[in-house]
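Step one of this worksheet: look at the structure below.
The values are calculated or read from the model by the stated rules, or taken from the named source; none is laboratory data. For clarity, every value in this text was computed on a predicted model and none was experimentally measured. Here Cβ is always computed from backbone atoms with ideal geometry, including for glycine, and neighbour counts include all displayed protein chains.
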Amino acid sequence: NKFIANSGVCSRREADTMIQAGVVTVNDEVVTELGTKVNIHKDVVKFNGETLKGEAKVYLIMNKPRGYVTTASDPHAEKTVMSLLKGCNVRVYPVGRLDKATTGVLMFTNDGEIAERLTHPSYDKKKIYQVILNKPFAEEDRQKLLDGVELSDGPMSADSLEYIDPADQRKLGIEIHSGKNRVVRRLFEAVGYDVRTLDRVYFAGLTKKGLKKGEWRYLTEAELNILKMGAYV
């Protein structure tokens, strides 16, 4: 699964599913046993008949715009984030997921190990979002979210919750570590609010500073070192 992930097809967890489904061959023989060793210099590994190559590791960050689906491929989606990666000639895939209406920091890579580290529940890392609600946010509800509320998949709380603009209490900054699906929207819904806009401004040490919506860039060496050392919170 490490070789497949490093070829930019998917994450290591997804690679396990593909191997068990029988769509991976080594030297034209179907392999379904997880953990099978391959020699990158001699063995020919194919996925759905396509030869995979151990490509150089690539790391990108995008300021995702509203209206794009976060997926490597979806024949039913009108617009996916992959269509915005013009100029990137290496096959990469998004790390984690932002829903169609959410904007902000989104990372891409073909490094399966880094992707696994950033998305696996046991490696929850800090994420900061800016939200605009449908009505002013009450102080008593702020304390409820800090203390924790019960969601359909268990208890959840915000790590930090602050007003961005004291003159407009619909605008908030929220810090969480959970990677659960739509967790920010569901937290506010639990105390009676609708999220009108949701923008991720920080993810695992990365920000979208200097990037307009829809723009992307390669990670700097300093950012990459932080990621590889795990020196982010």
Considering residues that are under 26 Å from the mean Cα position of the chain (by Cα) and either surrounded by fewer than 14 Cβ atoms within 10 Å (Cβ to Cβ) or in the same structural domain as V95 (by TED's automatic domain parsing) (or both), the number found within the stretch 6-25 is 3
Out of the helices (runs of 4 or more DSSP H) lying entirely within the stretch 127-233, which hold 3 or more residues that are within 26 Å of T70 (Cα to Cα) and out of contact with any Gly (no Cβ under 8 Å at 6 or more places or on another chain)? 183-190, 221-229
Matching entry among L151, L224, L133 (being aliphatic (A, V, I, L, M), out of contact with any Leu (no Cβ under 6 Å at 6 or more places or on another chain) and closer than 25 Å to L85 by Cα): L224
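What tally of residues in the stretch 182-216 results from selecting those that are over 25 Å from A138 (Cα atoms) and either in contact (Cβ under 8 Å) with a residue 40 or more places away in the chain or not basic (K, R) (or both)? First the steps, then the outcome.
The initial filter retains those residues of the stretch 182-216 that are over 25 Å from A138 (Cα atoms), namely 203-216.
Now restrict to residues that are either in contact (Cβ under 8 Å) with a residue 40 or more places away in the chain or not basic (K, R) (or both): 203-208, 210-216.
Looking only at that region, the number is 13.
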Which members of the stretch 143-162 meet the condition of being closer than 19 Å to D194 by Cβ, at pLDDT 95 or above and not hydrophobic (A, V, I, L, M, F, W, C)? K144
